[in-house]
Structure formats: C-alpha cells, structure tokens
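Note sheet for the following structure.
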Amino acid sequence: MAFGRQSRGTERQVVLFVLCICVCQSGAETLRYSLAEEMERDSFVANIAKDLGVSPSQLASRNARVVSEGNEQYFRLNLNTGVLTVKNTLDREAICPQSDICTLFFKILFESPVQLIRGEVEVRDVNDNSPVFPEKEMVLEILETTSPGTRFPLETAQDMDVGSNGLQNYSLGSNSHFSLALGTGKDGAKYAELVLQRQLDREQQGEVNLLLSAIDGGSPPRSGTAQVRIVVLDANDNIPVFSREVYEVRVAENSPPEQLVVRVAAADPDEGSYGRVRYAFTQTSERSRQLFELNAATGEIRVSGNLDFEETKKHKLVVRATDGGGLSAHCKVHVEVLDVNDNAPEIALTSLTASIPEDAPPRTVVALFSVRDRDSGDNGRTECAIDVDLPFSLTPTFDNYYELRTNAALDRERTAEYNITITAIDWGRSRLSSRERIFVQISDVNDNPPEFTQDVYTISVNENNNPMLRIGNVNATDADAGKNSRVSYALVREDKEHPDVSINSENGDVYILRPLDYEEVRAIEVTVRAADGGSPALSAEALLRMLVRDENDNAPVVLHPPPDGSAAAGELVPRWAQAGYLVAKVVAVDADAGQNAWLSYELAKATEPGLFRVGLHNGEVRTARAVTERDAPRHRLVVLVRDRGQPPRSSTATLTITLVDGFSEAHLRVSEEAPATDPDGRLTLYLIICLSCVSALFLATAAAAVVVRLRRARQSMAGPLPTFPKSAAESSAGSLPRSYVYDVCFAAGTVNSEFHFLRPLFPCFPDGLPHGPGDQRSSVCSANLGEEADWAAQGRVPLSEGTGPRPAEENASSDQNPWLTNQ
C-alpha cells in the first residue's frame, strides 16, 4: 500500500511539474501539492528544486525562501536539498474550520534577481475526529396521543472532518416504538428524525430510553452516542406554529452587543401550560450560540458577541418552540453579516535591501511587500503611495504585491539615508490607512577624488635646517565615506628627484630629511599626490614649492691675492708714486645672497698705516700719500673683507708691497692720469678694431704657410699622410682651426699699443706634422701651455714667445708695462 501511495505521489509530482512548465510559459508559475493533515513535523511535501528544474545550489545562491500568506508560517524550505517540508503538524480543522476544501497558499521568493513563484498545498482530511452530539442526553416529551408516523427531529451530531470522513449515518438502538429516519439538508448535512412506529401508552410505559449513534465514513469509522430520553405526556392536540418557516435577516458586523437581530414567534391555540411556548436553539453550531442569544420567553434573538464578516459571513440558526405540553415546532433563522470597513490595510514586508550602492542604476529593486485588506468589495481594495520628492517609485506586480524601485540616480554625498513611508489606503466610505516605514542606507562608492585646499603650496625654510624638520602641511579632503575617504599622501618622484623631501602619508606633514644649502638649492618643487582608499583609487595632485631662505653661513672668499701664498712675491710700487696710485685690488666673493653677500673692505693691519688705504666697496689698495725716500722698501698689508650678514663673517687677504725705482716716469704719468674706470672708451674700441685686423691678417698668413708645408710633406712621403680633422667651424665657414686662437689682454688705461701677440696655441710640431697624445714633443707643448695658464691666473701675460715674462730691466727702455695686472 505504501508503494502504491509512493507511485501515486510520483505521478502527482510529474503532473505538477508538467503543469509548472505550462504555467511558466504563460507568464506565472503555480505549484500545487496535497498533504494529509496530522503529518509529523518536517514531513515531506514536495521537492521544489526538482519541480522548478533548478539545483539546490541555485536555491541557496539566490537565497530562496518560503513566504506563507498571513502571519502563520506552515512550511520550510531546505536549501541544501530543495525539499519543502511541514514546519509543524497541520490540523485541518483548526486551519479551515468552515471550509470543506482546505488550501494553504505560499510563495517561493528568490533574490538576485527577485522572483516569486506561487504555490498551494491542499490539506487532505483524515478521520481524526469522532461525531459529537451537542448534548449527551436529549429529552423528548411526546404526547401519548401522537399518531404513528409522527417524526421528531433529533439533535444533529457535529463532525469536524469533511467529505467521507464526515458524518455519514445515524443508528438507533433496538426498541418497539421508534425507528430512525435519515435525511440530507440543502447544505448536504445529514440529520436524523425519530419516527413513531407504534402509539405510546403512558400508563404502560411513561418513559422510553433510546441510544442514538452517529457514525462517520472514515476507515476505520468513528462514532459518537447520545441518550434519547422520551417522556410520554398526556394529550396535547395542538403544536406551536411559527409565523414563518425561515427568517432572513441582515446585520452589520460592527453591531454592538444586545442589538436586536430578529424576533421569532410561534402560536399555540391550546390553553394553560399547553399554550405557553418556550424557545430554544437547536441544531445550531457552538460558535453561533456564542454570537447570538435567544430569549426563551419572547423569542428575541440579540447579538451577544463580536461579529466578524471576515470570519463567518452567514450564520444558520434553528429555533425550537415548545409548548407546555411538550409539543414543539422548528423554524430557521438565516443571519447574513454585512461587511463594514473595519480593517485597515496590512503591509507585509517580504524582502528589503537595507543598503544599496549609490551607483545603483534606476529601476533597482529595493523592497518587495504585499498589502492585504480583510474587508470585501471596495472596503478591501487598496492603493499604495510614497512621498513624491524621493528618488523611489512603487510598481505593482501581482496579488497585491508591490516593488519599491529607484527611479533616479543616487548620491550618498547629498543624502546618505532615506526614510521612506509607505502608505496603504483602502477604498471604503470611511477610508482606513496604515503606514510602514522603511530605512534605506545608501552605501558609498568611490566616485569623488581627493581635493587639495590649494593648487600650489609655498613653504619657506631656512637653510642649515635640522634633519627631519617638519616645515609645513598639505591637506586634501575626500567627500566619500569610510575607506573611500581615507586620504594618503605621496610624492611623485621622477628619477628619484629631490630625495631630501618626505611627506607623512597619513596627515600630509612635509619634512626635510637633511640640512639644505641655499648656495646649492634655492627652491625645490615637488608634486604631491593625494590618493583615497577606494578600489580603484582616485587621486589628485598639487604642487609643493619650498623656498630656501639664505643664512649668513659663508665667509667671504678672497680670489686675489690667492690665499695659497702664490702671490707672496708682492706688488711693485715706484718710489715716486703719488697719492692715489693704484697698487693692487683685493677681489673677494661671498657665496651667500642679498645682504649676506654685500662685502666691505678695510685695512686691518699695515707696516705703515698711513701710507696705504683700501676702498670700502671695491677693495682697491691705493697710496694714501706720496711715497718718500724715507718709507721702508717692503710693506705688509692685511685687508679685512667683511659681509653684512647677522652676525657678519669676514676673511683676510695679505699683500706684500715692494717699493722699487725701475718704473719710467712716462708710464707713471700715464698710470696716474689715465682713468681707471673707463675700459669701454673710444680709444679702446679703436685698439680692438686694429687688433682684429692684424689678427685676421696674421691668421691668413699662417694658414697659407701651413698649407704649403703640408703639400710639401705629402709629396715627400711614400704613403698617404694623416690629415687634420676639420672642426664644424672649418666645414661651415672656412676659418682656421681652433688651435690658432690668440688671447689678448689689455690693462685699464693702456694708450701706447701695449699689447703683444701671445704664442699661438697651435701644437708644437717641429717637423710640421701632428703627433699623437703619447708623443713626447706633445707633452712638452702641453707643459708650456700650462705655464702660460699659470701666468694668466696670476694676472700677468707673457710679452714674447719665451717661457717666462720679460725682465723688468729689458722693458724699462720701452714704453711698455712689464705686466698687465687684473684690476
């Protein structure tokens, strides 16, 4: 038998699966199952995954769950197996007390994406209730003159089961006077009537006791019994008669207690106690007896409880009128309960996404809910609405389900949370409404890059700063939230540029890692990048400009006379020099800038203080008076060079001056009369022009001589001779090689063509041929050139092609200065 049930269950599932496929193709899915009541907890109902054609893993990934209508959840879904089971034992009589067919509706809710599949389970009745009579003993008073064939209605047994398991038959214990007649009402209910078969005789038997049994159609059948006690009365030949056989009345469900529903009346023409009629309910359900009360004397039926249209729409009452002689009659009272708009709509939230990202596209489903009104007609019709100034909208789906969707772009930086009030209103005359609040959080998306407070940050820092010195701060803000708003700072380095600058990645503090030197670096510009913590990260850049402020950290450096003592031979001053004669010039520089580099000169120490003076700003050492024969031949001067920094720094230069007699008076006169500060005069310009012409003529002659010698050498050699490489100047302009450049120096005040050509820088090739770097003759030429460079560094230039300057005695006879001193 179990195998047969299993086969039938398998066939039913196949049929249901085919039905599901058809319904899916039509646009809506409905799963139908059946289940016997009183099944144990977690009993199998159906394999939802198999019927829907999905795997259990899909049920779990889409967070499928069962949603039952109403507040009671009858089923649960196992996401691991896809099996639908009973949550608790089902009692059909408790769930559907007034219905022959008991159907439980549920829905399978999928998320990601949201999908609803309707389902229904028919709870099959099992024979778990026995017929029960409302009273264990029924008392009938029957007049002894009652003729045979008279029928006496009996109390109807109540069986909570339905169908074949409900009440099916009545039986009566064996007796000699009565038989049992069965009938079926218009509503299909079985009832029994006691039929008198033989006339009663009170003198022979004043009371008859019968056993009445009610039997249902279950397997095995159940039964209930009641005692029927018949009291034989004296003759009463008139029975009560109702004015109407059926009373039809309507009453509103909000009727207050004690409100009159109807008054039934039965008349009995007998007199005395036989004519006094008493009223009572019979064949009436217990629930109806609780809602209505009957006045036994007057026949008035009044409201005694709270009527509810949603619970029971119609009540069937049977009133028995009994006279004093025990004769009775029956009438039916049909009470129709009228619906009143007394139920506000109920909002049931099925699914809610508590947080949605701010970049969610329009039409994103935020919540799914249903609205139910237990009233009927217009009182049960509902409509929903939300505030119009919100970026959300309501979309009806089916079965009074609504979807809350976004209808515009969201911006968390503008509104981080929405308080949405859903209002449901019915269509009743006195409209009732209910509200449900939904809080929707807008989660942040990294859609805002950091923003610096300035495009360019300028910070000043003194040189010689301490290592790891904090010099300032940059700041950037991000309008996002959480990790998307956490800003980290970094330097944008190109080829490890400016390794001395560092930045705190968390707060943007800028540090100098080592002391700076204004003389090396006067400004540092780096790019600072601020990146947030989003994925992908967004960033912004700003320029950080650090200006190094100078400090007086460099003492003046004396360039002339050289500090290494190479000029210790000193300066020569003629004995007949007059006051203001230029002896020498102290040249000094200061690596600092601004006021820190302004230099002043003063005579700190002298062999004879009154003989010489020093220019305060130009460092020129001149005679303060005319030189006399009595002055010492050698003098030593110490010149102090001081800058104007705070505190000031200084250096000293030492000059050795020798008074000599070998200078010509003409040269002395020219030196005294010539202006020392007019190197750009017209005479100098003429001299330069002349020098240029002579140099050009000389270079042309030298080039011609070189060409002739090269041709002769090439003809005398057996093989090809090496050629000179051509410079860019030769190839483009046809000029001589760089080796033939001549240097000419002029002293201020030179008027008598006091210049000579230097020896050409052409390599010293005795045979007219070039030599390689390793040639000994080339080394000699390099040495000669080195000597000339040293003389030039000392402020002197050779006047001939010799290896040293011409002695002063040889120059005394000419009008030429033996040395041209840098002024």
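The values are calculated or read from the model by the stated rules, or taken from the named source; none is laboratory data. As the structure is a computational prediction, the values presented were derived from the model and not from experiment. Here the Cβ is made from the backbone with ideal geometry for all residues, glycine too, and neighbour counts use every protein chain on show. Please note that ligands, DNA and RNA were not included when accessible areas were found on the heavy atoms of the full protein model with its side chains. Shrake-Rupley method; radii C 1.70, N 1.55, O 1.52, S 1.80 Å.
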### the stretch 439-477: number of residues that are surrounded by fewer than 20 Cβ atoms within 10 Å (Cβ to Cβ), aliphatic (A, V, I, L, M) and either at negative phi or assigned to a strand (DSSP E or B) (or both)
6
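Is it fair to say LEU140 is closer than 30 Å to LEU194 by Cα and either in contact (Cβ under 8 Å) with a residue 40 or more places away in the chain or not in a loop (DSSP other than H, G, I, E, B) (or both)?
So LEU140 passes the test.
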#### Entry: Residue check for THR146: of a type in the set (Ser, Thr, Tyr) and under 21 Å from VAL318 (Cβ atoms)
no
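When only residues in the stretch 627-664 that are polar (S, T, N, Q) and more than 60 Å from the chain's Cα centre (by Cα) count, which is most open to solvent (accessible area, probe 1.4 Å)?
We begin by selecting, within the stretch 627-664, every residue polar (S, T, N, Q); these are 628, 646, 650-652, 654, 656, 658, 664.
Filter again for more than 60 Å from the chain's Cα centre (by Cα), leaving 628, 650-652, 654, 656, 658, 664.
Numbers: THR628: 44, SER650: 60, SER651: 25, THR652: 83, THR654: 65, THR656: 30, THR658: 24, SER664: 40 Å².
The selected residue is THR652.
Just to verify a result, which residue in the stretch 478-513, among those that are under 20 Å from the mean Cα position of the chain (by Cα) and exposed (fewer than 14 other Cβ atoms within 10 Å of the Cβ), is modelled with the lowest pLDDT?
Going through the stretch 478-513, the residues under 20 Å from the mean Cα position of the chain (by Cα) turn out to be 478-489, 506.
Cutting the leftovers down to exposed (fewer than 14 other Cβ atoms within 10 Å of the Cβ) gives us 482-483, 506.
Values: GLY482: 85, LYS483: 88, GLU506: 90.
Here the answer is GLY482.
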### Query
Which of the residues spanning the stretch 94-140 are among the acidic types (Asp, Glu) and surrounded by fewer than 19 Cβ atoms within 10 Å (Cβ to Cβ)?
ASP100, GLU111, GLU120, GLU122, ASP128, GLU135, GLU137
### Query
Would you call ARG435 open to solvent by 30 Å² or more (accessible area, probe 1.4 Å), out of contact with any helix residue (DSSP H, G or I) (no Cβ under 7 Å at 6 or more places or on another chain) and part of a loop (DSSP other than H, G, I, E, B)?
no
### Task
Please determine, by comparing only the residues of the stretch 377-390 that are assigned to a loop (DSSP other than H, G, I, E, B) and touching a residue at least 24 places away in the same chain (Cβ under 8 Å), which one is most open to solvent (accessible area, probe 1.4 Å).
ARG381
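Of everything in the stretch 94-136, what is over 40 Å from the mean Cα position of the chain (by Cα) and of a type in the set (Gly, Ala, Ser)? Give them in sequence order.
Of all residues in the stretch 94-136, those over 40 Å from the mean Cα position of the chain (by Cα) come to 94-105, 120-136.
Within the stretch 94-136, ALA94, SER99, SER130 meet the criteria.
Can you pull out the residues in the stretch 203-212 that are under 15 Å from ASN169 (Cβ atoms) and open to solvent by less than 20 Å² (accessible area, probe 1.4 Å)?
Start the filter on the stretch 203-212 by keeping residues that are under 15 Å from ASN169 (Cβ atoms), which leaves 211-212.
The one that is under 15 Å from ASN169 (Cβ atoms) and open to solvent by less than 20 Å² (accessible area, probe 1.4 Å): LEU212.
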### Message
Residue pairs, Cβ under 6 Å, 6 or more apart or interchain, first in the stretch 361-376 and assigned by the TED database to the domain that holds ASP426, second open to solvent by 40 Å² or more (accessible area, probe 1.4 Å) and not aliphatic (A, V, I, L, M). List them.
### Response
PRO362/ASN407; ARG363/ARG405; VAL365/ARG405; VAL366/THR353; SER370/ASN400; VAL371/ASN400; ARG372/GLU346
### Task
Search the stretch 141-161 for residues being open to solvent by 30 Å² or more (accessible area, probe 1.4 Å) and of a type in the set (Val, Ile, Thr), and hand back the single one that is farthest from the chain's Cα centre (by Cα).
THR145
## Note on the structure
All-but-one check, ARG613 against (1) among the charged types (D, E, K, R); (2) loosely packed, with under 15 Cβ neighbours inside 10 Å; (3) assigned to a strand (DSSP E or B), failing number (2)
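Against the definition (surrounded by fewer than 20 Cβ atoms within 10 Å (Cβ to Cβ) and either within 21 Å of MET138 (Cβ to Cβ) or in the same structural domain as ILE142 (by the TED database) (or both)), how does SER273 come out, yes or no?
Numbers: surrounded by fewer than 20 Cβ atoms within 10 Å (Cβ to Cβ): yes; either within 21 Å of MET138 (Cβ to Cβ) or in the same structural domain as ILE142 (by the TED database) (or both): no.
So SER273 does not fit the description; no.
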### Summary
Taking the stretch 317-354 and keeping only residues that are in a strand (DSSP E or B) and either among the acidic types (Asp, Glu) or open to solvent by 40 Å² or more (accessible area, probe 1.4 Å) (or both), one is left with ARG320, SER328, HIS330, LYS332, HIS334, GLU336, LEU338, GLU346, ALA348, LEU349, LEU352
